[in-house]
Amino acid sequence: MWIHLFSVNTGTVRVPNLKNHMIQNNDIAKCVLTEIYLPPHQRINLFFRIFRFIISVPVMMMMGVAVLNNMYGSTPSTYCLYRSECISDCEEVHFLDSSCEDYNKEIKYNGNTYKDLYYFDYKEGNDDFQTCLDYVDLNSDFPWTSDNSRQWRVHTCFKRFKNGTDSNFDYDPRETFTNETGTNVNDLICIRPSETCEKPAWSDEDCSSGVCISFGVIFASIFLANLGQLIFEAALLYTSSITFKPTDLERKVNPVKTEINFSMEEEPPWDKIIKKCIGEITVAIVFLVSCLCAIASLIGVYDYGRPDTVWAEWIIAIVIDQAKSLLVQPLIWWLISRRCGLVTGTFSSWKDEQVIAGINDDSFMTEIRSQFAHVLESRIFTYGVIGLVVFYACFILLNLSIDIYIQSIPVAVDIFYYIDLCLLIIFVIEIVLRFIAWGFTYIFELWNLLDAAIVLTSFAFSVNHTQVKGIAVLRLLRLIRVIIVMRRVSESKKKLLMLKTQNQSVSSNVTRVLDLLEEILKEKTLTRENRNDLSWIIGQIQSRKLYTKSTTDEDETILTEIDKAWKGKIKLDYEDFSESMPILGQKIGGDKVLKRSRQSSIEMKMFNTDHHVERINTTFTSPSMDREPLEKEKLEQIYETLEKIDDWNWDVLKFSQIADTWCFPILCLRLFLKYDIYRKFEEMNLDKWLNYLSSLYLGYQFNNMYHNHNHIIDTVQATHYFYKTAGFENFLSEQDIMVGILAAFIHDYEHPGLTSQFLIRTKHPKAIRYSDISPLENHHVAAAFKLMDSDGERDLLDFLDQKSYKLVRKMLIYMVIRTDLSYHFDLLSSIQGKIYGENFPQDTLEDRLTVMTFTLHCADLSKPARSWIFYRGWIDAMMEEFNMQGKMEKELNIPISPFMDEENTNRERVQLAYIDFIVRDSIDILNILSPNPDYNNIIQRDLGENLNLNRKTLQKKIEGEVKF
Ligand SMILES: [Zn+2]
């Protein structure tokens, strides 16, 4: 089973500690305990586990023991049983008057000597006598074996008189039959039961204890049973890993798509069906064969053999097999888990979702193959092989040239033969290693095939000592190896040379990247999918589509069309998005939500945290004229979803759903509590914050698939995570933190669901207003400030003095504007520059602001670093929003922006590029920035790992391995 699990990629095994490993790999435990060490889709239900246990241990063992016992004739003993029957019939029951006299002569028959004999006189019409008589004929040509040392002394009775000559009698003292003697022709000479029945079936068999135990039989049957067990388990696991109906877990992971994927409208997954069918047939065949073998052999044993021996050996075999597991399993665990370090991990880090999504650590076999490849490509190995091949070529030439002289000296012949054989063995090993490392891609290369053919044929002839006439030709053929190996080396040298010259040349990085990619493309070990991917990447780079936005041909005609369109329906859609507030307000909660009476405000001068909690709770739950207060139970329910907010894997959508229109105020005010902001700013008016955040919430368009309130909650939480969990709060002041969180809340305010580029190209009023410089971001921050001033109710920063207010405003503007992705590379390079400089970050406003800006930027784009279950949703949302813009662009008849053409965009590739070119570097730098050594690598742990896994998943999706 281990071999199976390690050889398939889906078979990641997790072995946290020896105890669990032992429990999980014990046959009996396996039968009753859940197989948590297996990926969920490979786990088998209780019924199957019991079934598997019955097949794999008792039946397999019985099969082994019974077959082996039948094979080497345990049968004779049953014949011997009749000896006691015959004598009891003769002496006690039926023939009281019978003589049953001793027959004091030895009979040597078929290599055996029978000494303890008696007469058994014929009684007419008696069945028992007849039975004994029958055994005379049955045993006369007993066919067990021709080997005298293993002859069975199975005879029950002989005929009393000679009738002609029987060559099987080595010594025959019986009288010759003559009718005139008056003695009945049917009398028998029978053997007493005390006579040894048989010689041991196996040379090591010990019958001293009454039953004959052979440990040879026991070990052989354990081996046989384990072999059968392996095939059975592998087939069963493999079959169970192919599923059609989504499991509960799969449903949970992706409720919608799993159903669609398995609906009947689609073409049935034939490859899956065929594979599953083959697996199931194998299981059935192994099951049937084992059962039939066991049953047939048992019948045989009961008919002719030694049932006691079979049962005894069976029990011993099971005990030994279990003991063997106890000894072998720690070894496996130690070897694989400790020495190779591959099967690590804990149950708590076992993410079912990832396994379902097809993301696994590399299997053991994959790892071994890559290690082999590494060794084979090493310089030492390559030159070693060249040296050997050259030596071999010289050796063959020498051999051929002085062949005649060699033949005359026997010692020389031997020496040359063994040198030849040794070298060939080394070459065979080399080829086998190459095959293991590269699989069929290696063999399918013509030169390699020829090479392998030459070496293997030579080896075969050499081992057989065959003197074929054309052997000299074959030897000459081996010289071709030199050419093949030299060719292989010269190719890799050419590659190196090319890389070196490219290093020195002045060609741009893009050209070098392209050349390197082309070089990789030539690599023979690549799969077709890899090739396609590489070709796609090369195409993208060559066509310079990577970053350039297709801002082509903004000629007059298009522009007039756009102008017309602006005045038409699209204008209505979002031209007035800065003034859309009241409309949205009515749409969602009516004006009730927006206005909150001042009467309910609570004066709070307490600094105790509990009082702060009470204070904000009262803010939420106190009744007012205009607003439905939040019920206490509901508030508690919302707080409950906030409990894990420090975790990177916090469920944004769950909170968003439960908190509903309250999500912004509750999230913000609870976070402030965590950072003790109320202590610092006791004049803070919670009602104003509540009003402001409620209105802010309404400014996020629900129609946006991506840039809606959920994106904000996600960004705020990510910012909070960076501050709290990753420790950035340590060099930020309370005011900084308040600004950082507020910036996250406002950073996409009144986002139209379109890009800045779109606004610029369509000459949107906002683009005109901000002269095409980050029109969206400028608007977000401007509108957010406008909202503060809209009336006295939302003036949330009124507690700050003028100087502080100015600073806060400056910081907010700076941070929000830089969430524009076009600042990304500037931001990145400036931070990198600072990191390589001295003592960054320091406690200066500039450094703090730089860190805060970068943190917000990272929080804004950190969705690919969320765990896959969340990230997949974000991908859908983001691409949906892109598609909407694409459609709009199509309608306006302007060039469709990159990634926004639904038909020609591969969303996974877009995301891969997004991860590789934007997200990864940012996360890496954030990790370096992480201020406190205690927090080191927390970001790498939480985000980096997800990023890698998500990347793998995306790649698998591109390769079509994961379909939902
Ligand atoms: Zn954003």
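The values are calculated or read from the model by the stated rules, or taken from the named source; none is laboratory data. Predicted, not measured: the structure shown is a model, and the values here were computed from it. Every residue, glycine among them, receives a Cβ derived from its backbone with ideal geometry; neighbour counts consider all protein chains shown. Heads up: the accessible areas ignore ligands, DNA and RNA and are worked out on the full protein's heavy atoms, side chains in. Shrake-Rupley method; radii C 1.70, N 1.55, O 1.52, S 1.80 Å.
Compute the Cα gyration tensor for region 632-700, then decide on rounded, prolate or oblate, letting a ≥ b ≥ c be the square roots of its eigenvalues: rounded whenever a/c is under 1.5, prolate when a/b is larger than b/c in the other cases, and oblate in all that remain. In terms of gyration-tensor shape, oblate. Annotation: per residue accessible area for region 365-492 equals 59 Å², rounded to a whole number [probe 1.4 Å, protein chains only]. Spacing of the modelled spin labels on ILE429 and ASP515, each 7 Å from Cα toward Cβ, amounts to 3.9 nm.
Segment TYR418..SER88, full-extension length gain: 111.9 nm, with 0.36 nm per residue of separation and the alpha-carbon distance subtracted. On the beta carbon distance between TYR383 and ASN26, with R0 = 45 Å, the FRET formula returns roughly 0.40. Placing dummy labels 7 Å off each Cα toward the beta-carbon, the span from SER370 to LEU327 is 3.6 nm. Note on PHE169 and TRP536: their simple-model spin labels are 9.1 nm apart, each label 7 Å out from Cα toward Cβ. Heavy-atom accessible area, probed at 1.4 angstrom with all protein chains present, ranks TYR814, TYR675 as TYR814, TYR675, highest first. Subtracting the Cα-Cα distance of LEU33 and ASP403 from their residue separation scaled by 0.36 nm leaves 126.3 nm. Taking 28 Å as the limit for the C-alpha separation, the pairs LYS806/LYS863; LYS19/LYS276; LYS30/LYS276 exceed it in the case of LYS806/LYS863; LYS19/LYS276. For LYS159, the residues whose modelled amide H falls within less than 5 Å of its own, excluding neighbours fewer than 5 places apart on the same chain, are ILE189. With 0.36 nm allotted per residue and the present C-alpha distance subtracted, the ALA460-LEU476 stretch has 4.2 nm of extension available.
For region 753-861, a/c is not less than 1.5, where a ≥ b ≥ c are the root eigenvalues of the C-alpha gyration tensor, and a/b does not top b/c. That puts it in the oblate class.
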